[in-house]
1. Could you go through the stretch 76-83 and let me know if any residue there is more than 12 Å from the chain's Cα centre (by Cα), of a type outside the set (S, T, N, Q) and either in a loop (DSSP other than H, G, I, E, B) or not assigned by TED's automatic domain parsing to the domain that holds Val42 (or both).
2. Which one is surrounded by the most Cβ atoms within 10 Å (Cβ to Cβ) among residues in the stretch 99-129 that are small (Gly, Ala, Ser) and at pLDDT 95 or above?
3. When the stretch 129-146 is examined, which residues are found to be over 18 Å from the mean Cα position of the chain (by Cα) and of a type in the set (Gly, Ala, Ser)?
4. In this structure, is Pro117 within 26 Å of Val10 (Cα to Cα), assigned to a loop (DSSP other than H, G, I, E, B) and either among the hydroxyl-bearing types (Ser, Thr, Tyr) or not assigned by TED's automatic domain parsing to the domain that holds Gln15 (or both)?
5. Could you say which residue among Ile32, Ile88 is surrounded by fewer than 17 Cβ atoms within 10 Å (Cβ to Cβ), of a type in the set (Val, Ile, Thr) and within 16 Å of the chain's Cα centre (by Cα)?
6. Inside the stretch 28-56, can you point out the residues that are under 17 Å from Phe3 (Cβ atoms) and assigned to a helix (DSSP H, G or I)?
Amino acid sequence: MQFLHTMVRVKDLDQSLNWYCNTLGLVEVRRIENEAGRFTLVFLAAPDDLERAKRDMAPCVELTYNWDPEDYAGGRNFGHLAYAVDDIYETCQRLMDAGVTINRPPRDGRMAFIKSPDGISIELLHKNGSKQPAEPWSSMPNTGTW
């Protein structure tokens with residue numbers, strides 16, 4: 001397992017980038033603009049992690065800016081922890097066998113979400129792309145929130 005990123009939702013992207021980069025000292029590694037989803041993702045790394053972050057996209061802080069205004073009360077500004085795993089299906093099965101609910105099953109062969117006992121969302125991503133969609137994951141519905 002490898003730590004990838006922590007996601008934080010921001011209300012004002014320019015203000016947040018100024019703070020995280022110019023005040024705190026992080027460096028922008030990658031930016032994704034998604035017009036269809038109406039959001040922007042900006043991945044930042046600490047200077048000492050910059051080479052690794054450029055190579056592996058980890059470890060990073062992901063700033064998520066949703067273009068449509070939203071109130072992030074109740075901790076909604078913190079999104080999730082993310083980890084790369086060698087085999088998304090094997091990992092999810094092991095977690096299910098241990099009694100963990102798979103809130104967002106890996107229907108796409110790439111991504112799943114679970115929650116910690118304290119309700120923190122954890123994203124699991126299959127290393128190196130996606131596996132072929134397979135049952136029981138392909139038809140498994142979402143459970144709760146993630």
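1. Of all residues in the stretch 76-83, those more than 12 Å from the chain's Cα centre (by Cα) come to 76-77.
Still in the list and also of a type outside the set (S, T, N, Q): 76.
Now narrow it down to the ones that are either in a loop (DSSP other than H, G, I, E, B) or not assigned by TED's automatic domain parsing to the domain that holds Val42 (or both): 76.
Within the stretch 76-83, one or more residues are more than 12 Å from the chain's Cα centre (by Cα), of a type outside the set (S, T, N, Q) and either in a loop (DSSP other than H, G, I, E, B) or not assigned by TED's automatic domain parsing to the domain that holds Val42 (or both).
2. Of the stretch 99-129, the ones small (Gly, Ala, Ser) are 99, 109, 112, 116, 119, 121, 129.
Next, only the ones that are at pLDDT 95 or above stay: 109, 112.
Details: Gly109: 17, Ala112: 26.
This residue is Ala112.
3. Scanning the stretch 129-146 gives Ala134, Ser138, Ser139.
4. yes
5. Ile32
6. Initial filter on the stretch 28-56 (under 17 Å from Phe3 (Cβ atoms)): 29-30, 43-46, 48-56.
Matches in the stretch 28-56: Asp48, Asp49, Leu50, Glu51, Arg52, Ala53, Lys54, Arg55, Asp56.
Listed here are the residues, each with its yes/no results for (1) loosely packed, with under 15 Cβ neighbours inside 10 Å; (2) touching a residue at least 24 places away in the same chain (Cβ under 8 Å); (3) not assigned by TED's automatic domain parsing to the domain that holds Ile120.
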{"site": "Arg38", "(1), (2), (3)": "yes, yes, yes"}
{"site": "Ala45", "(1), (2), (3)": "no, no, yes"}
{"site": "Arg55", "(1), (2), (3)": "yes, no, yes"}
{"site": "Pro59", "(1), (2), (3)": "no, yes, yes"}
{"site": "Trp67", "(1), (2), (3)": "yes, yes, yes"}
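The values are calculated or read from the model by the stated rules, or taken from the named source; none is laboratory data. From a predicted model like this one, the values you see are computed outputs, not experimental measurements. Glycine gets a Cβ as well: all are built from the backbone with ideal geometry, and neighbour counts include every protein chain shown.
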